[in-house]
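The values are calculated or read from the model by the stated rules, or taken from the named source; none is laboratory data. Small disclaimer: the values here were computed from a predicted structure and weren't measured. Note: ideal-geometry Cβ built from the backbone for every residue, glycine included; neighbour counts use all protein chains shown. With ligands, DNA and RNA removed, areas are computed over all heavy atoms of the protein, side chains included. Shrake-Rupley method; radii C 1.70, N 1.55, O 1.52, S 1.80 Å.
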Amino acid sequence: MAEKNESYRPVPAKILSVMKENERVKTFRLSFVSREDNASFSFTPGQFAMFGVAGVGEAPISICSPSFEHKYIEVSIRKAGNVTGAMFGMKKGDTVWVRGPYGRGFPLDECKGRDIVLVAGGIGFPPLASVIDHLARHRKEYGRIWVLYGARDFEDLVFRKRSKRWTGIENLKMLVTVESPCTSWNGCTGMVTDLFSGLDVDGKRTVAMSCGPPVMMKFVTLGLQKMGIQDNDIYLSLERMMQCGIGKCGHCSIGDRHVCTDGPVFRYGEIKNMLERVW
Amino acid sequence: MTGGSFYVIKKSGLQKLLDSLSRRMTVFVPVKGPDDYNFREMKPGNSLNIDGYENTEFPPRMIFMPDRETILEYEKNSAKAPAEARTAVFGIRPCDVHALNILDKVMLGHDYREEHYGKKRERSVVMALACRKAGENCFCGSMGTDAVKEGFDLLFTEQGDGYHVAAGSEKGERIVAENKRLFRKTDDEAKKIRIRCKKNMNIENLPEIMKDMRDSKIWQDVAGRCLSCASCTFSCPTCYCFSLTHESDIANPDRARVLREMDYCMLVRFSRVAGGFVFRKERNERVKQFFYHKLLYGYNNEGALHCVGCGRCISECMAKIDITEEVRKVREEHGRKK
């Protein structure tokens, strides 16, 4: 029978700070009201939690702070619907309701000793940022690391400040590209998959992790396969409208799988065998 | 359950039993409306009238997962679940007991146990009622759901001027013990009533066949007739999908509540994500979701088909889509392909 009892009961957290990433994205740093909740909350990068505003609703959002940080958690939110819209207007000291974490994150322990390619698109970058922090902290346990990040335009880029702490890390290469260039951008232009050609990847040694819009991940997967990376070494974080988070409500089902409990991170080997169209 | 005790009760005794239970808990019984029977609350003094009762229009699932139910109440720094009332349901047909067993596996099994459903089930008494004859669209005979061995507290079978009663649980035995002057113990099993269904569904290898037939044109054809009204999912005794809806209290802004509302995969909005993208935009994908959840996904996850042959989706469908007919076509096409 079931291992965990779930009543959807969230716990309150206070906003410690709000960081504006760009016009549409803000990062919220939260701390649970109860000391016990702060101590007991732990997650794996790639897992999500339900973030709620009382009387408005809840939204499933990946946690983007470092998983070894226990004083606070962070979420980056793009203003897209009711809940994210309401959170957008919140400020330091306001209450956000949190339950979770839920789902299966990125397999960081299994990937020890491997080279790693991370591919992020748009608002898919935050969960991978948590992965980068983990890899950076345990740098010696992993091989070469590439971080590829694509956004629509310069304005759309997030974590411009946070990215700075990853520069200078040995054998970690970060490449950023934007689709539409502008005068304040002097980096690469194009799709994130355009960055693949410059990589010197040994497919057999490499594990890939990706998070981004469905169309992007479809093409990213094709590119990764071309580099010789095995289907079971490609990890993709899928998006669906998780409501319960515990595999009951049905909103995130793909065939007989539930993104909330079986994922959100799946191996491509699992995705290609799903009983229903994934993207 | 084997090894449970058997009893007999008179029709008047059943009336007294329900009357006595209704003073202690909420009792639901089949009540005839303008068209069909549905489960309604029986108040003390009401009399049971089930002459001509085949099955309810809507499934007993609606008692355990109501259409709209408050599951959490937010206060300033906490969120609490409302207390759960005790209920007893009389008249659940065997196919629907099978459906409840499936819902239990879904809601209480796997990684998480859904506490609200769990509490409701714990605090409820299931008094099943064997069928005397099949309804127009029943096909339980071919699904193996016309008889039931577990999932009830008491099983009533009409016999003479009363009922044979089998106790299926401790809870059932307790009710008998508490009302012992209404029951008489017997060693005899209930006399088997053979019911004949006009419809049938061949379920041999069905999940495997469904898996092979995912790209069949049949689904396009069904989608061409389907009106996306969600009546099938609304009336299905094993459909459980829901949404969590949040409401604020205008009079008291510190208070808000979370409701669990039944939701239906036949509706476009069901698979919509933030930003507006819809994963099952085409009607044929939503039609397939219904058929495949019943006949393949449910089997993969809970080890039982999620169709119990109650025939409600056939009765309710405005486009007269008949799951037994569609499965027949699927099997035929599959046979031809081989």
Q: For region A:46-164, report the convex hull volume of the alpha-carbon atoms normalised per residue, in Å³, without decimals.
A: 121 Å³
**Q.** region B:270-319: GluC sites (Glu not before Pro) falling in loop per DSSP and having at most 16 other Cβ within 10 Å
**A.** B:Glu282
Q: Kindly state, to the nearest 0.05, the FRET efficiency for B:Ser78 paired with B:Asn49, given R0 = 51 Å and r defined as their beta-carbon distance.
A: 0.65
Q) Anyone know which of B:Thr324, B:Thr26, B:Thr245 comes out most mobile in the 10 Å Cα GNM of chain B? A) B:Thr245
Q. Tell me, which longest segment in chain A has none of the GluC sites (Glu not before Pro) that fall in DSSP loops with at most 11 further Cβ atoms within 10 Å?
A. A:171-279
**Q.** Over region A:115-274: Kirkwood hydrodynamic radius from C-alpha pairwise inverse distances, Å
**A.** 16.4 Å
Q: Quick one: how many lysine pairs does region B:124-212 have with C-alpha atoms less than 26 Å apart and a gap of 8 or more or different chains? Give me the count, please.
A: 20
Q. With +1 on each Lys and Arg Cβ and -1 on each Asp and Glu Cβ, how big is the dipole of region A:115-274 about its Cα centre, in debye rounded to the nearest 20?
A. 380 debye
Q. Where does chain A land at 222 nm, in deg cm²/dmol rounded to the nearest 500, when only DSSP H runs of n ≥ 4 count, each adding -39500 (n - 2.57), divided by all residues?
A. -4500 deg cm²/dmol
Q. Per the helix-only calculation at 222 nm, which mean residue ellipticity applies to chain B, given -39500 (n - 2.57) for every DSSP H run of n ≥ 4 and division by its residues, nearest 500 deg cm²/dmol?
A. -8500 deg cm²/dmol
Q: Sticking with the crude label model, points 7 Å out along Cα→Cβ, report the distance from B:Arg269 to A:Glu3 in nm, one decimal please.
A: 3.5 nm
Q | Solvent-accessible surface (1.4 angstrom probe) belonging to A:Val33, in square angstrom, nearest 10 | A | 70 Å²
Q) To the nearest 20 debye, what charge dipole does chain B have about its Cα centre, counting +1 at the Cβ of each Lys and Arg and -1 at the Cβ of each Asp and Glu? A) 400 debye
(Q) Give me the inter-chain shielding for A:51-58: mean count of other chain Cβ atoms within 10 Å, whole number please. (A) 6
Q. Going toward the positive end of the dipole of chain B, with +1 on Lys and Arg Cβ and -1 on Asp and Glu Cβ, which of B:Asn55, B:Met65, B:Val89 do you reach last?
A. B:Asn55
Q) Where does each of B:Phe39, B:Phe58, B:Phe277 land when they are ordered by accessible area, with a 1.4 Å probe and the largest first? A) B:Phe277, B:Phe58, B:Phe39
Q. Looking only at other chains, what is the average number of their beta-carbon atoms within 10 angstrom of each beta-carbon in B:204-213?
A. 0
Q: Please go through the residue pairs B:Lys217/B:Lys337; B:Lys120/B:Lys288; B:Lys32/B:Lys320 and name each one whose alpha carbons sit more than 20 Å apart in this structure.
A: B:Lys120/B:Lys288; B:Lys32/B:Lys320
Q: Among A:Ser67, A:Pro45, A:Gly93, flag the residue with its Cα farthest along the positive direction of the charge dipole of region A:4-102, charges on Cβ as +1 for Lys/Arg and -1 for Asp/Glu.
A: A:Gly93
**Q.** Total formal charge among the other residues, if their Cβ is under 15 angstrom from that of B:Gly13, Lys/Arg +1 and Asp/Glu -1
**A.** +3
Q. Among A:Met191, A:Met217, what's the order by accessible area (1.4 angstrom probe), most exposed first?
A. A:Met191, A:Met217
Q | Surrounding net charge for A:Gly263, when Lys and Arg each add one and Asp and Glu each subtract one, Cβ distance under 9 Å | A | +1
Q: Summarise the partner chain shielding of A:7-14 as one whole number: the mean count of Cβ atoms from other chains within 10 Å of each residue's Cβ.
A: 5
Q) For chain A, list the cysteines whose Cβ sits under 4.7 Å from no other cysteine Cβ? A) A:Cys64, A:Cys111, A:Cys182, A:Cys188, A:Cys211, A:Cys252, A:Cys260
Q.
Modelling each spin label as a point 7 Å along the Cα-to-Cβ direction, I'd like the A:Ser184/B:Lys10 distance in nm, to one decimal.
A. 8.9 nm
Q. What number comes out for the charge environment of A:Glu179, summing +1 per Lys or Arg and -1 per Asp or Glu over other residues with Cβ under 12 Å away?
A. -3
**Q.** Low-density loop cleavage sites - GluC sites (Glu not before Pro) in region B:72-133, where at most 15 other Cβ are within 10 Å (DSSP)
**A.** B:Glu75, B:Glu84
(Q) Straight-line reach only, C-alpha to C-alpha below 16 angstrom: list the lysines that A:Lys140 could link to, leaving out same-chain residues fewer than 8 apart. (A) A:Lys112, A:Lys173
**Q.** Share of carbon and sulfur in the accessible heavy-atom surface of region A:4-102 [1.4 Å probe, %]
**A.** 47 percent
Q) So which lysines pass the test for A:Lys14, namely a Cα distance under 22 Å, with those fewer than 8 places away in the same chain ruled out? A) A:Lys26, A:Lys71, A:Lys79, A:Lys91, A:Lys92, B:Lys76, B:Lys80
Q: Enter the accessible area of B:Met62 (Å², nearest 10), with the probe set to 1.4 Å and all protein chains included.
A: 50 Å²
Q | Cβ charges +1 (Lys, Arg) and -1 (Asp, Glu), total dipole of region B:118-169, debye | A | 280 debye
Q) Which distance in nm do the two modelled labels at A:Arg137 and A:Lys226 give, with both placed 7 Å along the Cα-to-Cβ direction? A) 3.6 nm
